[in-house]
Amino acid sequence: MPVSRRTLLPRPSKTATLGAAALVAVCASLATACGVVPGSTGGSREDPVTVMTWAPEKTKATNKPGIPAMAQAYARWVNANGGLDGRKLKVVTCNDHNDPVGAADCARKAVDLEVAAVVGSYSQHGQSFLSPLQVAGIPYIGGYGVTDEEFSSPLSYPVNGGEPSLMAGIGRQLAARCERVSLVRPDTIAGDDLPKLLDAGLAEGHSKPSSDIRAPEDGTDFTRQAEQALERAGTGGCVTAALGERTDTFYDSYRRTEDAYPTAKISSVLGSVDQSLIDRTGGGNGPYEGAYVTGWYPAASDARWREMREAIRQQAFGDNRVDPTDAGVQTTWIAYTVLKQAVESLDGGEVSARTLRRALDDGLEVETGGLTPTLSWRFKDMLAASDFPRLVNADVTFQEVRDGRLVPARKGFVNVSRTLERVR
């Protein structure tokens, strides 16, 4: 999955998180004192519920056009089926351009429009977009999980375990399969977090720490990194890459290099390797056959995705941006599932940023049809890890590429909460 270049701030303890939540609540109730009126869309059943979804598009780095496209398709689908508890859903999209200024601009647009929530979005610049949302009291529901701030802000309601759970999970998955593990990751501040997360997972299986191999975030040739990875993995080892959209570029260099070294197994995380990439590179005859992959959700072929696929068929057929195997599209579907159930829990009352926050904070339990565990964001539901105080879903799935398809390597979910709690 894509990894972000971000500035790391001291991570709040649960006490600090609760204090921040109290401050946000005071600002929300004393709107004139804080200078911003919280979102008040959906005051009556005739008013639409207006939300925003953003992601980077048409940039030279990470692009996630499927996320806003899925949000718009969801709006068409839910409106064709009675709306959100009888209210129309209006989705406003924004391109964050993969930079801090663009992310802040999208957040300010959300504030200006007084949206009820930001839902199912992707941005690598959490500090830039969450500060304006916090001042305005606008909840951030079901972001992709690529920034630290998504797991610390009191107004963030994550639906997955983000990058931390994927890296801890791939460590758990590889521990029983690999003599040694080479990790190829971006040479960025964000990339510096990845080895300790992977090694925490490896340690759970009593395996040695990984070999840490840094690569340029925007590299176009990774021959040197491939040689280092293969040499350090040795016989019976594994090479895992977490380079986002550059992962396939790395494995292209790897394929040209591997014959000179002992055979190693390959692995990655969902978002860096998905079914569409496997299909594009030859399926069962391609380079990813036999690869190990860790994801947040059941495999894309699982029957639990049937409703999402039907919504896409009805409202986004022919739109190649909306790929049902893409982790961003899947996360957006789940985020809007949260929004729908939160609105329904209000029993016809006002739908606003304030009322949605209250519903989420007061113990709303969201069912996702088995795509995740039951989601709830009460204090007692959060992970007992100071690094990730807002994380409520630490489940991952172990998958592998078999006959060109991503299929379960192990039945059910694997919970990595204990692994994450031990990360230091």
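Computed values, structure above
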{"quantity": "Cross-link pairs beyond the 27 Å C-alpha cut-off, checked among Lys60/Lys88; Lys64/Lys265; Lys60/Lys109", "calculated": "Lys60/Lys88; Lys64/Lys265"}
{"quantity": "Calculated from backbone phi, Karplus (6.51, -1.76, 1.60) coupling profile of segment 286-299 in Hz, x at Gly/Pro", "calculated": "x, x, 8, 4, x, 5, 9, 9, 10, x, 8, 10, x, 3"}
{"quantity": "Cβ-Cβ FRET estimate between Arg214 and Lys58, R0 fixed at 25 Å, reported to 0.05", "calculated": "0.35"}
{"quantity": "Heavy-atom accessible area order for Arg172, Arg422, Arg304, largest first, 1.4 Å probe", "calculated": "Arg422, Arg304, Arg172"}
{"quantity": "Charged-residue dipole, Cβ positions (Lys, Arg, Asp, Glu), segment 172-235 about Cα centre, Debye nearest 20", "calculated": "340 debye"}
{"quantity": "Probe 1.4 Å, accessible area per residue of the chain, Å²", "calculated": "39 Å²"}
{"quantity": "Calculated FRET efficiency for the pair Ser131/Asp362, C-beta based, R₀ 30 Å, to 0.05", "calculated": "0.75"}
{"quantity": "Vicinal HN-Hα couplings computed from phi for segment 302-309 (Karplus, 6.51 cos²θ - 1.76 cosθ + 1.60; Hz; Gly/Pro x)", "calculated": "5, 5, 5, 8, 4, 5, 4, 4"}
{"quantity": "Dipole magnitude of the chain, debye to nearest 20 (Cβ charges: Lys/Arg +1, Asp/Glu -1, about Cα centre)", "calculated": "420 debye"}
{"quantity": "FRET efficiency, 1/(1 + (r/R0)^6) with R0 56 Å, evaluated for Glu46 and Arg256 via beta carbons", "calculated": "0.35"}
{"quantity": "Principal-axis tilt of helix 327-344 within the chain, Cα atoms, nearest 10 degrees", "calculated": "30 degrees"}
{"quantity": "Length released on extending from Arg422 to Lys380, taking residue separation times 0.36 nm less the Cα-Cα span", "calculated": "13.3 nm"}
{"quantity": "Accessible area (Å², 1.4 Å probe, nearest 10) - Asp248", "calculated": "40 Å²"}
{"quantity": "Charged-residue dipole, Cβ positions (Lys, Arg, Asp, Glu), segment 201-352 about Cα centre, Debye nearest 20", "calculated": "320 debye"}
{"quantity": "Structure-derived Cα extents along the principal axes in Å - corresponding label in (i) 86, 59, 37; (ii) 67, 46, 38; (iii) 60, 47, 42", "calculated": "(ii)"}
{"quantity": "Mean-position separation - Cα centroids, segment 357-404 and segment 271-347, in angstrom", "calculated": "17 Å"}
{"quantity": "Sparse-neighbour loop sites [GluC sites (Glu not before Pro); segment 276-329; at most 12 other C-beta within 10 Å; DSSP]", "calculated": "none"}
{"quantity": "Estimated distance in nm for a label pair at Glu179 and Arg76, the labels positioned 7 Å out from Cα along Cα-to-Cβ", "calculated": "5.4 nm"}
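The values are calculated or read from the model by the stated rules, or taken from the named source; none is laboratory data. Bear in mind that the values here come from a model prediction, so they are computed numbers and not experimental data. Heads up, the Cβs are rebuilt from the backbone with ideal geometry, glycines too, and the neighbour counts pull from every protein chain shown. Keep in mind that these areas ignore ligands, DNA and RNA; they rest on the heavy atoms of the full protein, side chains included. Shrake-Rupley method; radii C 1.70, N 1.55, O 1.52, S 1.80 Å.
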